[in-house]
């Protein structure tokens, strides 16, 4: 599943469990210069919308979300629209927090078929909060694994973070699998109770030409093995 809050996933589980109320609602909107995900570029200039609700069930935090990916740049015809529907649960154990979800991926107006993706993330309560994320699409048989870690610190009203990641994706259609690595850094500022703005920079590299996708005059897709992205996001939670 693509999510504009994926940048903060590695750092959110422990605070989320600590701050959870009985029921809460959240909404995020972001504008990206390029949308990078699991070693490939899935959008050029892109608008993303993410809304959901979570309920504290005692031993776990249950949530449901809707996510919308909308390419908006001059190259928008090269990328798919996407709408995802998710249900999941987050729970905390001794020294770890885990997130398990089922994600129904849809592509309105596109040729890509709907599919169900199962995903899980575990983050450890250690220095740099290392973690591992895995996913498998039960329809396409795509699957992958990613490891991440990085520091987080606060100063005044700002929260800063840096995140390194490595991973690989195996494609179920028999095409070449890819390995990738990347670095991300960002700053999040609380504007008021429940409202925050975020600024993110991301740079990724893969062993396949899966970034900066374009189309030549004769309709042939082109790509590079590296990509960068700038993201501006606005978040609200209540």
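The values are calculated or read from the model by the stated rules, or taken from the named source; none is laboratory data. It should be emphasised that the depicted structure is a prediction, and the values quoted were computed from it without experimental measurement. Don't worry about glycine lacking a Cβ; one is built from the backbone with ideal geometry, like all the others, and counts go over all protein chains shown.
General remarks:
- Flag not set for residue 30, criterion: within 13 Å of the chain's Cα centre (by Cα), assigned to a helix (DSSP H, G or I) and either surrounded by 18 or more Cβ atoms within 10 Å (Cβ to Cβ) or modelled with pLDDT under 90 (or both).
- Exactly one residue among 104, 158, 153 is more than 21 Å from residue 34 (Cβ to Cβ) and in contact (Cβ under 8 Å) with a residue 24 or more places away in the chain, and that residue is 158.
- Residue match in the stretch 130-137 (condition: surrounded by 14 or more Cβ atoms within 10 Å (Cβ to Cβ), closer than 24 Å to residue 81 by Cα and in contact with a helix residue (DSSP H, G or I) (Cβ under 6 Å, 6 or more places away or on another chain)): no
- Total residues in the stretch 138-164, condition out of contact with any helix residue (DSSP H, G or I) (no Cβ under 7 Å at 6 or more places or on another chain) and within 26 Å of residue 64 (Cβ to Cβ): 10
- Checking residue 113 against (1) loosely packed, with under 13 Cβ neighbours inside 10 Å; (2) in contact with a strand residue (DSSP E or B) (Cβ under 7 Å, 6 or more places away or on another chain), the condition it does not meet: (2)
- Filtering 167, 186 for residues that are surrounded by 14 or more Cβ atoms within 10 Å (Cβ to Cβ), within 27 Å of residue 137 (Cβ to Cβ) and touching a residue at least 60 places away in the same chain (Cβ under 8 Å) leaves a single hit, 167.
- Within the stretch 93-110, the set of residues being touching a strand residue (DSSP E or B) at 6+ places or on another chain (Cβ under 8 Å) and over 25 Å from residue 172 (Cα atoms) comprises 95, 96, 97, 98.
- Being closer than 18 Å to residue 41 by Cβ and either assigned to a strand (DSSP E or B) or in contact (Cβ under 8 Å) with a residue 24 or more places away in the chain (or both) is a property that does not hold for residue 209.
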